[in-house]
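Below is one structure; the comments refer to it alone.
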Ligand code: ATP
Ligand code: MG
């Protein structure tokens, strides 16, 4: 069965969007081989705080476990602990045009107005291609923000195979259903995001219930006054309905007011997050356990990664 890879940047503030859009699908698909990768190297492409990266990496691993990712079935890995990622990255750079990388929308957006753009921000999509290809990944769940990068990974893999002989599996992007894109509660035109400077519209997975209640109570709605699923005209209300549907696993009923809707959303979110928080607290008592899980994940996937790199080295003309 084809392997899946899902990545999480250790940029802190894991939120309900990450849980609904990425962790739950991962848990639901645990009968297939999957890898959950904490993309610590990717988080170095922008201004970063060294101590926070390490902490956040462990936090993300802990939250994955708390959310039900079973390390016996899904390999949980920290990207930088498997050096084959970076070794393959270099080989792939030699099969990628400068123009191809510079054309990436995310590079343009994140470098704009930034006076000290790191070179790694430009080459980030090539490292992402290496992340995918090194594990012989067949399927990558991607949202809109990553679809251009996945296309580049496919282009690089296809080109490398054509030039140097069949080396890589060409990965396919699988789209999460639109319902799984959770929007920011304070600005429903943007997706909920870890790196968004404002926490006003974010439901943090580890936030205290009182904070979450306030964020939902202040969620932007509209002046229509009726609760309708209408993404174009009532994006805030629609987002709340989507959250409710995802958190209660059934179609939302009728609501006579926005207040009633928000109360039900708050309850449903609490019901989902309470066990995650409890499990997280338990796991946090023994940080060495999480480090051990990462070491096991590494031991599990590294042989295949090493074999892929060996093939790529051979194909491109290096001594093995
Ligand atoms: P950052 O702002 O640092 O990029 P992020 O919130 O976008 O953080 P990522 O680490 O980039 O989170 O993504 C982790 C996973 O969560 C990915 O699979 C991504 O598609 C998914 N994801 C991120 N944001 C949302 C969202 N708002 N709704 C649904 N899924 C999301
Ligand atoms: Mg992101």
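No lab work stands behind these numbers, since they all come straight from the coordinates. Just so we're clear, the structure is a prediction, and the values are computed from it rather than from any experiment. Quick reminder, even Gly has a Cβ in these numbers, built from the backbone with ideal geometry, and neighbours come from all protein chains shown.
For the chain, the longest principal axis of the Cα atoms and the long axis of helix 258-284 meet at an angle of about 50 degrees. Can you pull the percent of Cα pairs in the stretch 43-103 with separation above 17 Å? Every Cα pair in the stretch 43-103 considered, those over 17 Å come to 60 percent. Each of 266, 115 was scored by other Cβ atoms within 10 Å of its Cβ. Listed from fewest to most, they are 115, 266.
Peptides 92-102, 148-158 ranked from most to least packed by the mean count of surrounding Cβ atoms within 10 Å: 148-158, 92-102. Could you calculate, for the stretch 82-195, the ratio of the Cα radius of gyration to the Kirkwood radius, expressed as Rg to Rh? Rg divided by Rh gives 1.00. Estimated from the Cβ-Cβ distance and a Förster radius of 41 angstrom, the FRET efficiency linking residue 230 and residue 319 is about 0.10.
Rounded to the nearest 5, what % of DSSP beta bridges with both residues in the chain are antiparallel? Can you show the working numbers first?
Numbers: 2 of 16 bridges.
So the antiparallel bridges in the chain amount to around 10 percent.
When only Cα pairs below 8 angstrom with a gap of at least 6 residues are kept, the chain shows a relative contact order of 22 percent. For the stretch 209-282, the normalised intensity computed at q = 0.17 Å⁻¹ comes to -0.62 (log10 of I(q)/I(0), Debye sum over alpha carbons, equal scatterers, no solvent). Looking at the chain, the pairs of alpha carbons with a distance over 32 Å make up 32% of the total.
Based only on other Cβ atoms within 10 Å, what is the fewest-to-most ordering of 192, 1?
Details: 192 26, 1 9.
Ordered by Cβ neighbours within 10 Å, fewest first: 1, 192.
Test of understanding: what is the full-extension gain from residue 300 to residue 55, defined as 0.36 nm times their sequence separation minus their Cα-Cα distance?
Working: separation 245, 0.36 × 245 = 88.20 nm, distance 2.31 nm.
Fully extending the segment from residue 300 to residue 55 adds 85.9 nm.
Here the gap between residue 292 and residue 102, fully extended at 0.36 nm per residue and compared with their Cα-Cα distance, gives a gain of 64.6 nm. Figure legend: label point modelled 7 angstrom from the Cα of residue 254 along Cα→Cβ; residues of the stretch 222-242 with amide N under 20 Å from it are 224-230, 237-238, 241-242. Multiplying the residue separation of residue 163 and residue 2 by 0.36 nm and subtracting their alpha-carbon distance yields 55.5 nm.
Rounded to the nearest 500, the 222 nm mean residue ellipticity of the chain from helices alone is -16500 deg cm²/dmol, with -39,500 (n - 2.57) taken per DSSP H run of at least 4 residues.
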